[in-house]
1. Criterion first (modelled with pLDDT of 95 or more, touching a strand residue (DSSP E or B) at 6+ places or on another chain (Cβ under 8 Å) and closer than 27 Å to R150 by Cα) does I183 satisfy it?
2. Taking the options F209, F172, name whichever one is within 11 Å of N261 (Cβ to Cβ), among the aromatic types (F, W, Y) and at pLDDT 90 or above.
3. Test A63 against the criterion of being modelled with pLDDT under 95, surrounded by fewer than 19 Cβ atoms within 10 Å (Cβ to Cβ), farther than 21 Å from L265 by Cα and out of contact with any Asp or Glu (no Cβ under 7 Å at 6 or more places or on another chain), and give yes or no.
4. I'd like the full set of residues that are in contact with a strand residue (DSSP E or B) (Cβ under 8 Å, 6 or more places away or on another chain) and among the small types (G, A, S), limited to region 58-91.
5. Considering only residues that are crowded, with 23+ Cβ neighbours inside 10 Å and in a loop (DSSP other than H, G, I, E, B), which ones fall in region 284-313?
6. Take the residues in region 120-142 that are touching a residue at least 12 places away in the same chain (Cβ under 8 Å) and farther than 30 Å from E153 by Cβ; name whichever of them is nearest to the chain's Cα centre (by Cα).
7. Just a yes or no: is a residue in region 81-96 farther than 26 Å from A304 by Cα, touching a Lys or Arg at 6+ places or on another chain (Cβ under 9 Å) and of a type in the set (G, A, S)?
Amino acid sequence: MRQSKLFTKARREAPADEVSKNAQLLVRAGYVHKEMAGVYSYLPLGRRVLENIERIVREEMDAIGGQEIRMAILHPSEPWKQTGAWDSVDVVFRIASRTEKEYTVGQSEEEIVTPIAREYLASYKDLPVAIYQIGQKYRDELRAKSGIMRGREFTMKDMYSFHETQEDFDRFYAVVKEAYLKIYACLGLVAKATEASGGAFTTKLSYEFMVLTDAGEDDILYCNHCSYCVNAEISAQKEDDACTRCTKGSLARAKASEVGNIFDLGTKYAKDFSFTYKDKGGKDQYPIMGCFGIGISRLMGVMAETFSDEKGLVWPESAAPFAVHLVALGRDGGDDISKASDALYEELRRAGVDVLYDDRPLSAGEKFAESDLLGIPKRIVVGKEAVATDVFEVVERKTGTVAKVPRKNLIVS
């Protein structure tokens, strides 16, 4: 894409009303546009990052047998009243229609997915099944804050599974846990599976996946020897206590942000909707149900907090809006530098390289500063030396390393 055609522009200063680093950087760089507290529009660059995160999540959910659907956003109030959530969940938006009916916009999907599953899963032979979607969620947050990390509208992957037995749910939980850890690793993040309460969804123990970050809203205690980790709010343990799991390590305290969760919903929703299947003996049984969430837009915010420096964003290759930022130092569009840059741009595109081409008539300093702010992993610079020698300066955004690369090696470097 030619940057001269990109309708968004970078800003020199962060908006005065944004205090979180992720929002400051994402707004400055033109990734998002703030509509109001907790609600953002995703601009061309931001949409590309979101879609890259979604692609990675989708690949892993498909790999473990998840079946993707797209559920309704506008929900009738009746199923919410049937489960008791209409009155007990305080973050639900309640909408009064001119038809005198009441609706809500989905903040979770148990009330929609359970009746869907009930229609198709009639026998033990139909189980287990895992159904997921990636879509928008809406919550009536009283204190929307931390940029895109805690909002009233956000993008989420939520998956719901149905099982014959608790043992089968536990088996699938372990499978999902490994898939989640693969997702975070692919995005360059280290996440810890953290014990927590079930909150509004269940009284059972649940698991949150936490990424350590100073911008996090949660305090966790984690073992420095094994994988044990617990949310500090529900634990009687404290920092420096001996680990109760491995007995070899001690607990460290850290700020963290939740980027995923797993809930064991038991048979609550199956019972709420009279959802039974026939077991091997022909008897009616309630399926065990699980819920598995990943905050897609929250992940983007956590990554902006984690992968950034004093110059701007530093996206990992897996999530970056483009693989390469081609920066031409020509000024009038008709000089040798501009012609060489145009030719290289077309060559990279033909080779399948996802490239943003800065063809604008700006100074080198302005272009380099904006390139650093955008955070694209690799920058290729076309200047007088490159035109004369056919050797190009390639800058790695993460490390600042500069290499001289011949044209023939640019595509594979």
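The values are calculated or read from the model by the stated rules, or taken from the named source; none is laboratory data. Since this is a predicted model, take the numbers as computed values, not measurements. With ideal geometry, Cβ positions are generated from the backbone for all residues, glycine too; neighbour counts draw on all protein chains shown.
1. Yes, satisfied.
2. F209
3. Taking the combined requirement at face value, the residue does not satisfy it.
4. G65, G66, S77
5. The answer is P287, and nothing else.
6. Result: P128.
7. no
This table checks each residue for (1) of a type in the set (S, T, N, Q); (2) under 28 Å from R298 (Cα atoms); (3) at pLDDT below 90.
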site: D214; (1), (2), (3): no, yes, yes
site: E217; (1), (2), (3): no, yes, yes
site: Y222; (1), (2), (3): no, yes, no
site: S227; (1), (2), (3): yes, yes, yes
site: V230; (1), (2), (3): no, yes, no
site: S235; (1), (2), (3): yes, yes, yes
site: T244; (1), (2), (3): yes, no, yes
site: S250; (1), (2), (3): yes, no, no
site: S257; (1), (2), (3): yes, yes, no
